[in-house]
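The structure appears below as structure tokens.
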Amino acid sequence: MKSDHLAGGGPAIETAGLVKTFGDNRAVDGVDLRIERGTVYGLLGPNGAGKTTTVRMLATLLRPDGGEAHVFGHDVVREADAVRSRVSLTGQYASVDEDLTGTENLVLLARLTGHSKKASYERAAQLLAAFGLSEAAGRQVKHYSGGMRRRIDIAASILNTPDLLFLDEPTTGLDPRSRNQVWEIVRAVVAQGTTVLLTTQYLDEADQLASRIAVIDKGKVIAEGTKGELKASVGAGAVHVRLRDADQRPDAELLLRQALDADVQLEPDPVALTARVGSNGDANGVGPSEKASRALAELARAGIIVDNFSLGQPSLDEVFLALTGSPTDHDRTTDEAQTKEATA
Ligand SMILES: Nc1ncnc2c1ncn2[C@@H]1O[C@H](COP(=O)(O)OP(=O)(O)O)[C@@H](O)[C@H]1O
Ligand SMILES: [Mg+2]
């Protein structure tokens with residue numbers, strides 16, 4: 001049972017050179033992953049990167065065209081049944097019946113997986129309460145809000161505390177409050193020992209939940225590591241400056257570029273600038289914080305009023321920009337995802 005393979009060594013997921021093609025589109029193009037048990041692993045990438053295709057192969061719903069994948073040591077093609085008995089999938093798939101109520105859905109699933117009638121009702125009530133759905137328990141799922149729907153999906157997928165849970169974009173299109181509720185649920189699931197493979201387009205979501213992250217773009221893993229490693233691989237910290245007066249921004253830009261010897265980016269906010277500084281000292285041994293404070297002094301000397309100044313690690317947004325050379329473009333991807341949902 002569960003404790004068995006948790007006790008066993010070996011990663012929860014291991015893939016080598018995994019490939020899936022659709023016509024001449026290499027949707028997944030040689031993906032290597034290693035995901036340790038009991039962790040949340042983030043597969044982060046924009047729309048169309050190959051996240052769902054990867055998950056579907058790992059969940060035995062799609063046959064790979066090349067490479068190998070093992071889940072708890074079982075080959076996803078040759079030992080698909082063994083894999084299926086240990087995983088659960090939610091996200092871009094409907095696992096619940098719209099016409100049934102919350103309780104009816106969970107009870108039905110519990111009954112199908114061999115629980116007694118009494119145990120099924122108990123488990124359903126317990127999950128509905130844990131997910132803040134007790135009041136909606138008797139309502140048909142088709143009348144649930146987006147956030148409630150996502151929560152009942154996850155509740156259905158953890159009915160039997162899976163060893164491995166695939167969460168495919170669990171919060172895409174949700175409002176901030178519902179996103180936070182889903183995050184809390186994911187944390188609770190992991191605390192029970194379940195391994196989670198989470199796909200997301202949201203950098204802050206991976207940052208919040210995952211201990212390791214693979215950044216995927218056009219079917220390829222372009223970076224992998226802990227959050228700290230990913231940020232360090234970009235080799236920079238970021239200086240964020242907010243001015244009192246937008247008119248002073250051109251002067252500030254010039255001064256910062258000279259003082260920091262770095263690219264300065266103008267933010268959409270007309271009083272904000274961001275500069276990247278090396279995380280290590282320069283040739284003269286001047287480190288990033290010293291450079292930043294010198295730059296601040298120069299701005300003051302030039303009469304430029306700074307409202308806010310911070311030196312931090314780059315955000316995952318900045319990491320993605322540095323890795324792919326293009327921004328993640330949240331608005332566009334979110335719009336597309338929502339359009340898809342609306343027309344589905
Ligand atoms: N069933 C399918 N048939 C044809 N092309 C597909 C199919 N599923 C996905 N694709 C294509 O594969 C690529 C990766 O898609 P997907 O894995 O859904 O990306 P993501 O989940 O990261 O948004 C995209 O170019 C998509 O259009
Ligand atoms: Mg997807």
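The values are calculated or read from the model by the stated rules, or taken from the named source; none is laboratory data. Predicted model, so just to flag it, every value in this text is computed and none were measured. Counting neighbours? That spans all protein chains shown, and the Cβs are built from the backbone with ideal geometry, glycine included.
Taken over segment 267-292, the criterion of being part of a strand (DSSP E or B) and modelled with pLDDT under 80 is satisfied by 276, 277, 278.
Looking only at residues of segment 185-203 that are modelled with pLDDT of 90 or more and within 16 Å of ligand 1 (Cβ to nearest atom), we find that the one that is farthest from the chain's Cα centre (by Cα) is 197. Considering (1) touching a helix residue (DSSP H, G or I) at 6+ places or on another chain (Cβ under 7 Å); (2) among the hydrophobic types (A, V, I, L, M, F, W, C); (3) within 22 Å of residue 324 (Cα to Cα); (4) more than 13 Å from ligand 1 (Cβ to nearest atom), the lone condition that residue 31 does not fulfil carries the number (4). Scan segment 195-210 for residues that are farther than 22 Å from residue 53 by Cα and among the polar types (S, T, N, Q) and the total you get is 1. In segment 82-109, the qualifying residues are those that are part of a strand (DSSP E or B) and away from ligand 1 (no atom under 16 Å from the Cβ), and the one that is farthest from residue 144 (Cα to Cα) is 87.
Listed here are the residues, each with its yes/no results for (1) farther than 15 Å from residue 88 by Cβ; (2) in contact with a helix residue (DSSP H, G or I) (Cβ under 9 Å, 6 or more places away or on another chain).
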position: 120; (1), (2): yes, yes
position: 130; (1), (2): yes, yes
position: 145; (1), (2): yes, yes
position: 164; (1), (2): no, yes
position: 178; (1), (2): yes, yes
position: 182; (1), (2): yes, yes
position: 192; (1), (2): no, no
position: 203; (1), (2): yes, yes
position: 206; (1), (2): yes, yes
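Please pick out the residue among 230, 165, 197 that is assigned to a helix (DSSP H, G or I) and touching a residue at least 60 places away in the same chain (Cβ under 8 Å).
Working: 165 fails: assigned to a helix (DSSP H, G or I); 197 fails: assigned to a helix (DSSP H, G or I).
230 is the lone residue from the list that is assigned to a helix (DSSP H, G or I) and touching a residue at least 60 places away in the same chain (Cβ under 8 Å).
Where strands (runs of 3 or more DSSP E) fall entirely within segment 1-81, those with at least 3 residues that are modelled with pLDDT of 95 or more, touching a strand residue (DSSP E or B) at 6+ places or on another chain (Cβ under 9 Å) and under 21 Å from residue 230 (Cβ atoms) are at 13-22, 25-35, 40-44.
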